[in-house]
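Contents: one structure, followed by commentary.
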Amino acid sequence: MKKNVKSDPFYNFGLSILEQNQKRLTKLLPDVKKGGNPEQLHKLRITTRKIRSALEVFGNCFNKKDKTRYLDFVKTLTGALGAARDSDVQIIYLNKFVEKTESQKLIPGVKRLIVRIEQKRKKQQSEVNRVLKSAENSEVLKMLNKECSEKKKLTPRYLSESKIFKKHMLSLTEQLVSKIKSYEPFIFNPERVFELHELRKINKQLRYTLDIFLPVYGTDLEALVKKLVIIHELLGTIHDCDVWLDMIPVLSKKEVKKTIDFYGHHAPFAQVKPGIDYFLEEMKKLRENKYNEFIEAWNELNRENFWVEVISFFS
């Protein structure tokens, strides 16, 4: 630990946030290892993101070696949960789609997609369990626990006494907003899939960074966070659609091959093809609608000078 910042209220507040989320992580690990509860896995993944954001914000409070260890540990955990979470979301979405579908002709195809993704999800759980078991026994987690347990008890209101808080947060928000704005030349082209996804990730980082200080600033900061959440959700749906648009043609081709391998011809594929094709077209429409909503929301933020407001919040 850096002794020159150990006594600063910013450090104490940072450890308090990390302690809260570390306890939540430890509590969630056993339930997620059991499998079968998408909501618990989702909570665990969010918790890892919050820890990662806290480490990014308060990273200067640790020595460089420890900070790197903590970040690598959390990134590995978040990454392992990511693929499983994506599959869970897809399965939930498809099941709701089936419930709303009136045409019986479409249901077999959508249910076939559910079967294939459930098969993939089952395989993913073994990797999730491997990483979670490693996390439970990790020396890095024990190191983080020790640092959290050594924190001083300090309530958020004392952050006003910090000598490094506002300067650090001003610098951090400037960096994140600068990264976000660097993608602006690309976002008006709906085909820039990669750039839209990268923008989503940076916007998410800014959102979780500001989230940390909601207990301190309350409704004033919450108003800014809510606008980031709108952008986050729109970009999230756009990304989900992009994943579907890449994945469904591949699954469709594999399904044809499986049909031929089993029956010796592809005729039975005709039973599932209408539903698969229909779902693909629906994802194209949804993507177009959400992209238009995103552009409208983005332009509104610019008209409001939102990004300037975010940077100046901690000045």
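The values are calculated or read from the model by the stated rules, or taken from the named source; none is laboratory data. Note that the structure is predicted; figures quoted are calculated from it, not measured. Don't worry about glycine lacking a Cβ; one is built from the backbone with ideal geometry, like all the others, and counts go over all protein chains shown.
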Item to complete: Could you tell me whether the range 33-55 includes any residue that is buried (at least 20 other Cβ atoms within 10 Å of the Cβ), in contact (Cβ under 8 Å) with a residue 40 or more places away in the chain, among the small types (G, A, S) and part of a helix (DSSP H, G or I)?
Response: yes
Worksheet item: When you scan the range 273-315, how many residues do you find that are in a loop (DSSP other than H, G, I, E, B) and modelled with pLDDT of 95 or more?
Response: 2
Worksheet item: Is it fair to say L280 is surrounded by 12 or more Cβ atoms within 10 Å (Cβ to Cβ), under 30 Å from L206 (Cβ atoms) and either of a type in the set (A, V, I, L, M) or touching a strand residue (DSSP E or B) at 6+ places or on another chain (Cβ under 6 Å) (or both)?
Response: no
Response to the item:
Within the range 256-272, residues surrounded by fewer than 17 Cβ atoms within 10 Å (Cβ to Cβ) and in a helix (DSSP H, G or I) come out as V256, K257, K258, I260, D261, F262, Y263, A267, P268, A270, Q271
Worksheet item: Somewhere in the range 124-140, is a residue under 30 Å from Q271 (Cα atoms) and modelled with pLDDT under 95?
Response: yes
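The rows are residues; the columns are (1) at pLDDT below 95; (2) in contact with a helix residue (DSSP H, G or I) (Cβ under 7 Å, 6 or more places away or on another chain); (3) assigned to a helix (DSSP H, G or I); (4) acidic (D, E).
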{"residue": "L172", "(1), (2), (3), (4)": "yes, yes, yes, no"}
{"residue": "S178", "(1), (2), (3), (4)": "no, no, yes, no"}
{"residue": "I202", "(1), (2), (3), (4)": "no, yes, yes, no"}
{"residue": "V229", "(1), (2), (3), (4)": "no, yes, yes, no"}
{"residue": "D242", "(1), (2), (3), (4)": "no, yes, yes, yes"}
Worksheet, complete the sentence: Reported set for the range 73-111 where residues are among the small types (G, A, S), part of a helix (DSSP H, G or I) and either within 12 Å of the chain's Cα centre (by Cα) or surrounded by fewer than 20 Cβ atoms within 10 Å (Cβ to Cβ) (or both) is G79, G82, A83
Response to the item:
Scanning the range 182-220 residue by residue, those over 20 Å from the mean Cα position of the chain (by Cα), crowded, with 16+ Cβ neighbours inside 10 Å and of a type in the set (D, E, K, R) turn out to be none
Worksheet item: Could you say whether any residue in the range 13-24 is farther than 30 Å from F165 by Cβ, among the hydroxyl-bearing types (S, T, Y) and part of a helix (DSSP H, G or I)?
Response: no
Worksheet entry | Among (1) out of contact with any Cys (no Cβ under 9 Å at 6 or more places or on another chain); (2) within 30 Å of E56 (Cβ to Cβ); (3) touching a residue at least 24 places away in the same chain (Cβ under 8 Å), the one test that V229 misses | (3)
Worksheet entry | Flag if I238 is in contact with a helix residue (DSSP H, G or I) (Cβ under 9 Å, 6 or more places away or on another chain) and at pLDDT below 95 | no
Discussion item. Could you check the range 167-193 and list, in sequence order, the residues that are acidic (D, E) and under 22 Å from F10 (Cα atoms)?
Written reply: E174
Worksheet item: What number of residues within the range 285-315 satisfy the criterion of being touching a residue at least 24 places away in the same chain (Cβ under 8 Å) and exposed (fewer than 12 other Cβ atoms within 10 Å of the Cβ)?
Response: 1
Item to complete: Quick one: in the range 112-129, of everything that is farther than 22 Å from K258 by Cβ and touching a residue at least 12 places away in the same chain (Cβ under 8 Å), which residue is surrounded by the most Cβ atoms within 10 Å (Cβ to Cβ)?
Response: V128
Discussion item. With the structure loaded, tell me whether K253 is under 19 Å from the mean Cα position of the chain (by Cα), in a helix (DSSP H, G or I) and not hydrophobic (A, V, I, L, M, F, W, C) or whether it fails that test.
Written reply: no
